[in-house]
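Peer 1: Input: one structure, supplied below.
What follows draws every value from the coordinates through simple rules; no lab data is involved. Small disclaimer: the values here were computed from a predicted structure and weren't measured. Cβ sites come from the backbone with ideal geometry, for glycine too, and all protein chains shown count toward neighbours.
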């Protein structure tokens, strides 16, 4: 019997978990042909999330959990899911039920047909502000045009991955993570399923505009060097314009003469050139900071406690890999 692992990263999801567990229980009961595992990753929650997860795990052998020592962020929590998932395939989904579990049987049907990565594309983004929606679409356009990989727009973390994809994701141990781009990087046979994203059923999202901006910055700097290239092009253009202006001023002075004037022009040129230089230094600093973090070789996450079914995963060798 094939085992299916559903990985659910959780951070302060106490209000959402009862409905999530009830929905997943109904799904598993309706699909008896599979051996099910629900792997909940507690990402350092400060409410009663971990207590609820332990309660479900104690009463249901299908529920496993990994509790991280602190909040490491969703990207790292998903990495813990890849490490500890014991299934022949894995379904990644959010705890707030914006990813409807009713889509999972369709994913499994596609997986049985031979697809390795079955991703769900949003046809509707649910209740979302106009600004957030359009900024998200703009980010995907920028990333798509600047990256060599096909980072799909309106596609999040809701997807099914075959064991070969899971093992491939486990090999990507960088600390500055953008998992949506990694899905594209590993390749394998991909298939799309459209779905309507629902609204959060309970609780409040921990994702604020600042967090989303950081995630977008991580995505751009992790999968493309386009900002560095843009800085280089801007530097070349400004240098060319400055050289042309220098030649113009020189010939004008030699032919016509120049009284002592030009203070506003001088200030504008200095401020413009200074702004370009600071912008370029900021871009270089972003990449340099990521190099600095990668050279530390710290573990991506630390586990405080766990209750898992480690069938396919050699966690000891994985921990050694993290520390090498």
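Peer 1: Given a Förster radius of 41 Å and the C-beta distance between residue 230 and residue 113 as r, what FRET efficiency does 1/(1 + (r/R0)^6) yield to the nearest 0.05?
Peer 2: Efficiency at R0 = 41 Å is approximately 0.45.
Peer 1: I've got another one for you. When ranked by the protection proxy of mean other Cβ atoms within 10 Å per residue, highest first, what sequence do the peptides 157-164, 76-83, 96-103 form?
Peer 2: 76-83, 157-164, 96-103
Peer 1: What order do you get for 234, 93 when you list them from fewest to most C-beta neighbours inside 10 Å?
Peer 2: 234, 93
Peer 1: For a protection proxy built on the mean count of beta-carbon atoms within 10 angstrom, sort 282-288, 188-194 highest first, please.
Peer 2: 188-194, 282-288
Peer 1: Checking the a/c ratio against 1.5 first, then a/b against b/c, what shape does the Cα gyration tensor give for region 27-88?
Peer 2: oblate
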